[in-house]
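K.L.:
Shown below is the structure under consideration.
The values are calculated or read from the model by the stated rules, or taken from the named source; none is laboratory data. Quick caveat: nothing in here was measured; it's all calculated off a predicted structure. Reconstructed Cβ throughout: ideal geometry from the backbone, glycine too, with neighbour counts over all protein chains shown.
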Amino acid sequence: MEGVRHQDDPTRRARLRWRSRRGLLENDLILTRFLDAHEIELTDDEVDALTQLLDLSDNDLLDLLLGRTEPADSLAVPNVSALLSKLRQA
């Protein structure tokens, strides 16, 4: 299924939405609100960035979403920073 864009594949969209369900209610609300508004228009780079963020623990993710911390190490890349800006506005 290589080359299939996220937006064109309902299974991939459902998987991303499922992974966005988090243990902390705050994360769950922010991610759900964001996906409700922007899921269909996400670029492949944004989906990759979101996937990287979803690999974080709930507390680390919440700190990034609320702007308490900024991306570091492998997350300190332009596509993650750009997506965080969008998420923080959700």
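K.L.:
Can you tell me which residue is nearest to the chain's Cα centre (by Cα) among those in segment 6-25 that are assigned to a loop (DSSP other than H, G, I, E, B) and touching a residue at least 24 places away in the same chain (Cβ under 8 Å)? Give the steps one after another, and end with the answer.
P.N.:
From segment 6-25, those assigned to a loop (DSSP other than H, G, I, E, B) are 9, 20-24; that's our starting set.
Remaining after also requiring touching a residue at least 24 places away in the same chain (Cβ under 8 Å): 20, 22-24.
Working: Ser20: 7, Arg22: 12, Gly23: 15, Leu24: 15 Å.
Selected residue: Ser20.
K.L.:
Continuing with this model, one more query. Output yes when any residue across segment 59-67 is closer than 13 Å to Arg88 by Cα, among the acidic types (Asp, Glu), surrounded by 14 or more Cβ atoms within 10 Å (Cβ to Cβ) and without any contact (Cβ under 8 Å) to a residue 40 or more places away in the chain, and no when none is.
P.N.:
Initial filter on segment 59-67 (closer than 13 Å to Arg88 by Cα): 61-67.
Adding the requirement that they be among the acidic types (Asp, Glu) leaves 63.
Within this subset, residues satisfying the condition of being surrounded by 14 or more Cβ atoms within 10 Å (Cβ to Cβ) are 63.
Next, only the ones that are without any contact (Cβ under 8 Å) to a residue 40 or more places away in the chain stay: 63.
Yes, there is a match, as at least one residue in segment 59-67 is closer than 13 Å to Arg88 by Cα, among the acidic types (Asp, Glu), surrounded by 14 or more Cβ atoms within 10 Å (Cβ to Cβ) and without any contact (Cβ under 8 Å) to a residue 40 or more places away in the chain.
K.L.:
Oh, and also: Condition first: loosely packed, with under 15 Cβ neighbours inside 10 Å and either closer than 12 Å to Lys86 by Cα or modelled with pLDDT of 95 or more (or both). Now tell me which residues in segment 8-37 satisfy that. Can you show your working first?
P.N.:
Of the residues in segment 8-37, the ones loosely packed, with under 15 Cβ neighbours inside 10 Å are 8-11, 14-15, 17-19, 21, 23-26, 28-29, 33, 36-37.
Arg33, Ala37 - these are the residues of segment 8-37 that are loosely packed, with under 15 Cβ neighbours inside 10 Å and either closer than 12 Å to Lys86 by Cα or modelled with pLDDT of 95 or more (or both).
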